[in-house]
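The values are calculated or read from the model by the stated rules, or taken from the named source; none is laboratory data. The model shown is predicted, which means the values in this text are computed figures rather than measured ones. Cβ atoms come from the backbone with ideal geometry, glycine included; neighbour counts cover every protein chain shown.
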Amino acid sequence: MKSVYSNFLRLSTLCLLGVLLLCTAAGLLFNVKLLPGGLSRSMLLLPAALILFWGYRRYSSPLELLRSLEEVGYIPEPGCSRLQTVNQVRYRRKKGDLPPVYPNGWYRLLDSHLLLRGELKNITLLGEQVALYRTQEGQVYVVDAYCPHLGANLAVGGQVVGNCIECPFHGWQFNGEDGKCTKIPYAVKVPEFAKIKTWPSCEVNGMICIWYHSDGLAPTWSIPEQEEITSKEWVYRGRTEHYVGAHIEEIPENGADIAHLSQVHGPCAISGVDLRYTNSKLWKFVKHTWKVQWQPEPEPNNHCSQMFLEHALTLFGKHFALLDLHVIARQVGPGLVFMTFKHDFLGSGVILLCVTPVEPLLQRVSHSIYYQENMITAIPKFILWVECKQFERDIMIWNNKKYVSKPLLIKEDSAVQRHRHWFAQFYSENSPRLVFQQQGLDW
């Protein structure tokens, strides 16, 4: 309800400013007095300046589309709220014979610009709570969120002190590099065994990432640096964020599922995201076509795979060559995808697609776009918006499907099986599985 009021207030303000701008334009161009005579021309220029400033800010600022779980991918149940619908679907849906739920690899925690110096944040991922903080010198550390002393959450009321994080409960301080406790305010001596778990992390390509391995092994590969981001040749133009109620493997598997592209993504983006209506006859005159090839990379980059995609647009059955686009989507590990594209007219850039498990069947997915600086901002923002709409169509499938461990595949689906074989390398003997409790009476 609060969002309705805020939207109404924003709309009312814009309408008022619009009326003032029209009156100002009439007064300046036609010498027509539409406002009280006491208002000078300089005063009339104020609303015009405000509207122009607002328009410039909207145009130049990055696009941000942040969706909650209940906003996308569910068909409302009669008599139920959106959240109730989500809970019902997630409860009654068959899960299938699932692979391990947390693959080994690097995962995005947060975009770098969202963590200031001296700031700390509480983040949920991989069924855990971690405390992420940045020192005044700019170094980033990740530790377990809960203090080993009496369990207080370090990120809720804690402080950054030098390289350490201070517990809000009793003032214990832990070094972010090795996890050792460096200070207990009321103790004569800090015991050697007093320490907290630290997580390997890195900051690259404008994001903070964390390494996970079920066996506690150190990172076996690193995240490649996108040179254009580091050199500022490509600049940040926005991000989207979604929550997907599915197993993590289902999301990258889409890259190998070539057959779904024409069915789900063939209809134009403006036809919406609800799959019940995307094939409406109203939008039949516009259609996306795709040519896709997926393949894994050889050693030493066997943890990577590539999808080569050629996009074309037809209008009234005629090929519209101006929007032909060639995309290379390189997946690095289980949770990172670099979607690079280059166009003679639209320029070049990259979308960083990051999938981070929050819990076994809930993934946080972000798309961050970086684009060449000398290109007008409307282009990358439009590309990100289209990608967002196409992705939300997939979410409607993922949120309501079950995982099929032995799918009925035909020859044309061979890439799906090859992708599953490739993805299996990110599981190890101790990778956690989701165990379902049998419902019944225990006498």
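Within region 286-300, the only residue that satisfies the criterion of being part of a loop (DSSP other than H, G, I, E, B) and either small (Gly, Ala, Ser) or surrounded by 12 or more Cβ atoms within 10 Å (Cβ to Cβ) (or both) is Glu297. Checking each residue of region 98-108 against the condition of being modelled with pLDDT of 95 or more, more than 30 Å from Gln390 (Cβ to Cβ) and among the hydrophobic types (A, V, I, L, M, F, W, C) gives no match. Report, by residue number, each residue of region 409-429 that is outside any helix (DSSP H, G or I) and exposed (fewer than 12 other Cβ atoms within 10 Å of the Cβ). The answer is Ile410, Glu429. Just one residue in the set Lys406, Lys389 is surrounded by 14 or more Cβ atoms within 10 Å (Cβ to Cβ) and either in contact with a Leu (Cβ under 7 Å, 6 or more places away or on another chain) or farther than 17 Å from Glu233 by Cα (or both); that residue is Lys389.
Are any of the residues in region 209-221 exposed (fewer than 14 other Cβ atoms within 10 Å of the Cβ) and under 24 Å from the mean Cα position of the chain (by Cα)? Within region 209-221 (the criterion being exposed (fewer than 14 other Cβ atoms within 10 Å of the Cβ) and under 24 Å from the mean Cα position of the chain (by Cα)), the answer is no, since none of the residues qualifies.
On the basis of being under 21 Å from the mean Cα position of the chain (by Cα) and among the aromatic types (Phe, Trp, Tyr), does Tyr186 make the cut? The answer is no for Tyr186. When the test is whether a residue is surrounded by fewer than 17 Cβ atoms within 10 Å (Cβ to Cβ), closer than 20 Å to Glu128 by Cα and of a type in the set (Lys, Arg), Lys197 passes it. One residue alone among Ile383, Ile369, Ile397 is in contact with a Gly (Cβ under 9 Å, 6 or more places away or on another chain), in a helix (DSSP H, G or I), modelled with pLDDT of 95 or more and within 28 Å of Glu70 (Cα to Cα), and that residue is Ile397. Considering only residues in region 222-239 that are assigned to a loop (DSSP other than H, G, I, E, B) and not charged (D, E, K, R), the one that is surrounded by the fewest Cβ atoms within 10 Å (Cβ to Cβ) turns out to be Ser231.
In the set (1) acidic (Asp, Glu); (2) more than 25 Å from Tyr102 (Cβ to Cβ); (3) buried (at least 16 other Cβ atoms within 10 Å of the Cβ), Asp344 fails one condition alone, (3). Looking at region 66-81, can you tell me whether even one residue there is within 30 Å of Thr377 (Cβ to Cβ), in a loop (DSSP other than H, G, I, E, B) and among the hydroxyl-bearing types (Ser, Thr, Tyr)? Scanning region 66-81, I find at least one residue that is within 30 Å of Thr377 (Cβ to Cβ), in a loop (DSSP other than H, G, I, E, B) and among the hydroxyl-bearing types (Ser, Thr, Tyr), so the answer is yes. Residue count for region 359-379 satisfying the condition of being in contact with a Leu (Cβ under 6 Å, 6 or more places away or on another chain) and hydrophobic (A, V, I, L, M, F, W, C): 2.
Report yes if some residue within region 68-81 is surrounded by fewer than 13 Cβ atoms within 10 Å (Cβ to Cβ) and aromatic (Phe, Trp, Tyr); otherwise report no. Taking every residue of region 68-81 in turn, none turns out to be surrounded by fewer than 13 Cβ atoms within 10 Å (Cβ to Cβ) and aromatic (Phe, Trp, Tyr).
Quick check: anything in region 301-312 surrounded by fewer than 16 Cβ atoms within 10 Å (Cβ to Cβ) and at pLDDT 95 or above? Yes - at least one qualifying residue is present in region 301-312. In the set (1) under 23 Å from Trp385 (Cα atoms); (2) not hydrophobic (A, V, I, L, M, F, W, C); (3) not assigned by TED's automatic domain parsing to the domain that holds Lys291, the condition left unmet by Pro219 is number (1). Residues of region 336-387 being closer than 22 Å to Leu323 by Cβ and of a type in the set (Gly, Ala, Ser), which ones? Those that are closer than 22 Å to Leu323 by Cβ and of a type in the set (Gly, Ala, Ser): Gly347, Ser348, Gly349, Ala378.
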